[in-house]
Amino acid sequence: MLLPPLRYLRPETPGDAAALLSEMDGSVVLAGGQTLLNMLKLDLARPAALVDVHRISALRDIRHREDGTLIIGAAVTYSALAGSSETRRTHPAVADMAASLVDRQVRNRGTIGGNCCLNDPANNFPPLLAALDARFRVLGTDGERVLRADEFFVGTLATGLRRGELLVAVEVPAMPPGSVVAHEHLQVGADSWAIARAVVRLDRDGTGGTGEGFVTDARAVLGAVYGSPLRLHSVERSLSSARVSPGLADAATALREVDVRPTEDVHCSTAYRLEMAEVQLRRALRAAVEGSIR
Ligand SMILES: Cc1cc2nc3c(=O)[nH]c(=O)nc-3n(C[C@H](O)[C@H](O)[C@H](O)COP(=O)(O)OP(=O)(O)OC[C@H]3O[C@@H](n4cnc5c(N)ncnc54)[C@H](O)[C@@H]3O)c2cc1C
């Protein structure tokens, strides 16, 4: 379908973009356009104006602060992130996730900001960023705010952004030495969306060698199971202080004992999704343990 007539605006700075968004009723951000343009063509969205942020250079930076925090501008593409050698060194899980996304065309255009702001339950980045304790820097005409993952990802296709606000950057804290992140997912078909996703992060003491050491902190997060990433606090508690050993994965992943009731949809039933979520969680945990004792 042809696009309906609409205004196209290309501000030069994040502040100008935020001003346009708050002044113009019905304006939306255009980032990589990999989802938004398809929605327009299918008549699933009818904005009055597109505020294109793709070329705002301040939003395309990948930086590392002195304390090791990775700062990813909202308009950084998956390809840029995957190709950042510094990110691969400091936050390999972020670079790997960007490199694994769909196909080259989507990776060359799609942005981390678009991925987060869409907050499709099946999207790759929300559960990973929740597991990494990422912060979301947003800008409105009242100034900047910083949101935690649970404040940013609030429901299916919904975020904590207020009207007129722009996501400026995603900040990912430094990974503690010896920290390992693993993620697994199940998708319905070869090119299709995930129906269950799991991300596990294990921080541990004793960074050297062959399995010695205890988990000092853990994150276990499911994606594609609810509207937003779901942190499994009881699984995290059962992992914390545990000795890193091959049996750890099986000990900690009985999801049925936790109060998890996944969404039912056209792809699968609640029971199937629950079972698949448990399988992904166990696999991710095994991979994290193996990564820790390698
Ligand atoms: C064939 C295909 C397969 C795909 N498969 C996957 C997949 O397996 N996993 C996955 O994660 N994704 C997948 N995607 C989606 C892709 O990752 C999109 O790039 C992403 O969902 C949106 O990013 P974008 O930069 O294209 O954003 P756009 O499409 O431009 O925008 C998406 C939404 O976010 C808003 N937005 C964007 N940036 C900002 C900002 N800085 N501040 C405020 N609001 C903002 C827009 O207004 C819009 O509502 C797929 C896409 C295609 C076309």
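What the table shows:
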read-out: Qualifying positions in segment 103-144 - hydroxyl-bearing (Ser, Thr, Tyr) and more than 8 Å from the ligand (Cβ to nearest atom); value: Thr141
read-out: Filter result for the condition that a residue is in contact with a His (Cβ under 7 Å, 6 or more places away or on another chain) and near the ligand (Cβ under 9 Å from one of its atoms), over Ala45, Ala75; value: Ala75
read-out: Qualifying residue in segment 10-25 (condition: over 30 Å from Arg219 (Cα atoms) and hydroxyl-bearing (Ser, Thr, Tyr)); value: yes
read-out: Any hit, segment 37-49, residues being touching a Lys or Arg at 6+ places or on another chain (Cβ under 8 Å), touching a residue at least 24 places away in the same chain (Cβ under 8 Å) and not aliphatic (A, V, I, L, M); value: no
read-out: Which numbered condition His183 fails, given (1) touching a helix residue (DSSP H, G or I) at 6+ places or on another chain (Cβ under 7 Å); (2) modelled with pLDDT under 85; (3) within 22 Å of Pro92 (Cα to Cα); value: (2)
read-out: Strands (runs of 3 or more DSSP E) completely within segment 85-200 that count 1 or more residues being open to solvent by less than 60 Å² (accessible area, probe 1.4 Å) and over 24 Å from Leu285 (Cα atoms); value: 135-140, 143-148, 153-155, 166-172
read-out: Residues of segment 50-75 satisfying the condition of being in contact with a strand residue (DSSP E or B) (Cβ under 6 Å, 6 or more places away or on another chain) and aliphatic (A, V, I, L, M); value: Leu50, Val51, Val53, Leu59, Ile62, Leu70, Ile71, Ile72, Ala74, Ala75
read-out: Selection status of Asp67, touching a residue at least 24 places away in the same chain (Cβ under 8 Å), open to solvent by 60 Å² or more (accessible area, probe 1.4 Å) and more than 7 Å from the ligand (Cβ to nearest atom); value: yes
read-out: Residue pairs meeting the criteria (Cβ under 8 Å; at least 6 apart or on separate chains; first surrounded by fewer than 18 Cβ atoms within 10 Å (Cβ to Cβ), in segment 267-294; second aromatic (Phe, Trp, Tyr) and in a helix (DSSP H, G or I)); value: none
read-out: Options Arg88, Arg55, Arg46; residue that is over 22 Å from Pro121 (Cβ atoms) and within 19 Å of the chain's Cα centre (by Cα); value: Arg88
read-out: Selected residue (criterion: farthest from the ligand (Cβ to nearest atom)) from residues of segment 1-23 that are part of a loop (DSSP other than H, G, I, E, B) and at pLDDT 95 or above; value: Glu12
read-out: Checking Gly26 against (1) more than 9 Å from the ligand (Cβ to nearest atom); (2) farther than 19 Å from Leu166 by Cα; (3) open to solvent by less than 60 Å² (accessible area, probe 1.4 Å), the condition it does not meet; value: (2)
read-out: Answer residue from segment 38-59, given it is assigned to a helix (DSSP H, G or I) and at pLDDT 95 or above and is surrounded by the most Cβ atoms within 10 Å (Cβ to Cβ) among those; value: Leu59
read-out: Residues that are hydrophobic (A, V, I, L, M, F, W, C) and free of Cβ contacts under 8 Å to residues at least 24 places away in the same chain, drawn from segment 147-197; value: Leu147, Ala190
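The values are calculated or read from the model by the stated rules, or taken from the named source; none is laboratory data. The model shown is predicted, which means the values in this text are computed figures rather than measured ones. Cβ coordinates were reconstructed from backbone atoms using ideal geometry, including for glycine residues, and neighbour counts include every protein chain displayed. These accessible areas exclude ligands, DNA and RNA; they are computed on the full protein's heavy atoms, side chains included. Shrake-Rupley method; radii C 1.70, N 1.55, O 1.52, S 1.80 Å.
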